[in-house]
Amino acid sequence: MSKIAIIGTGKMGQNLGKALANGGNTILFGSRSPEAKLDLAGWTGVTTIEDAIGEAEIVIITLPYTAVEPFAREHANRLRGKLVIDITNPFSNLPDNRISGPEITANAIGAGARVVAAFKTNFHNTLLSPLDANGVQRDVFFAGDSEADKQIVAGLIQGMGFRPVDCGALKNARVLDGMVPLMIELNGRYNGNRELSWKLLP
Ligand SMILES: NC(=O)c1ccc[n+]([C@@H]2O[C@H](COP(=O)([O-])OP(=O)(O)OC[C@H]3O[C@@H](n4cnc5c(N)ncnc54)[C@H](OP(=O)(O)O)[C@@H]3O)[C@@H](O)[C@H]2O)c1
């Protein structure tokens, strides 16, 4: 079981936190205004971003995309050597289509960065429902360059009740980035109620 810092206390952060806590992990939120987030303190701790990173082995970034690179640069020294899970989605904010959000995060942290992209293609209101309405297990797609780090992430995903799907190297997060606008398009076309999931069928 891991000590996990979740940076950001929004929809994804809170649902991921609950799902990972149910899986037996210790969760500590890092917030810009921890004193205003005491409602979370019933089931977990909330502290400053610096302290949350300092306490954790694993850091999950759940910020709005435009806040991620500044965050990674500001906290690069603290983040280096820790497993960083980037769940954020850039939409139209990428400089071009030859790099992904998580690669930009890794570059901002610098040498020694350990970044895995995950949960980018899972709507927040599915994170506490690993089985869909038909009892089918949902998938979580993830990508990263370290097999050891991906094994840790796969374990977290399994602990939440989801099936981990290893999508290969971190550069494949470029494809995951592109799957998100399509997921939102499909959600609208098929009245998905933000409960759709990508599923890899055998
Ligand atoms: N919603 C989804 O279904 C979904 C699915 C997959 C991926 N994502 C990605 O996950 C990330 C978070 O999405 P979300 O829906 O959880 O967003 P959200 O509800 O708006 O939460 C974002 C959190 O980030 C923190 N934050 C730090 N800097 C901020 C800033 N400049 N402006 C606003 N908030 C800031 C805030 O927490 P504090 O106030 O405590 O600092 C805020 O609660 C996004 O990058 C999104 O693309 C979302």
Residue satisfying all of: in the stretch 1-15; closer than 12 Å to Val59 by Cα and buried (at least 16 other Cβ atoms within 10 Å of the Cβ); farthest from the ligand (Cβ to nearest atom) among these: Ser2
Of the residues in the stretch 27-71, those that are at pLDDT below 95, of a type in the set (Gly, Ala, Ser) and more than 9 Å from the ligand (Cβ to nearest atom) come to Ala41, Gly42, Gly45
Return the pairs, sorted by first residue and then second, in which the second residue is of a type in the set (Val, Ile, Thr) and not in a helix (DSSP H, G or I), the first residue lies in the stretch 150-168 and is within 16 Å of Thr126 (Cβ to Cβ), the beta carbons are less than 6 Å apart, and the residues are 6+ apart or on different chains. Ile157/Val140; Phe162/Val140; Pro164/Val140
Pairs needed: first member in the stretch 65-80, over 9 Å from Thr105 (Cβ atoms); second member anywhere, acidic (Asp, Glu) and surrounded by fewer than 20 Cβ atoms within 10 Å (Cβ to Cβ); C-beta distance under 7 Å; at least 6 residues apart or different chains. Arg78/Glu50
Subset of the stretch 59-98 [part of a loop (DSSP other than H, G, I, E, B) and either in contact with a Cys (Cβ under 6 Å, 6 or more places away or on another chain) or over 15 Å from Ala117 (Cβ atoms) (or both)]: Pro64, His75, Arg80, Gly81, Lys82, Pro95, Asp96, Asn97, Arg98
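The values are calculated or read from the model by the stated rules, or taken from the named source; none is laboratory data. None of the values given here were measured: they were computed from a predicted structure. Ideal geometry is used to build each Cβ from the backbone, glycine not excepted, and the neighbour counts take in all protein chains shown.
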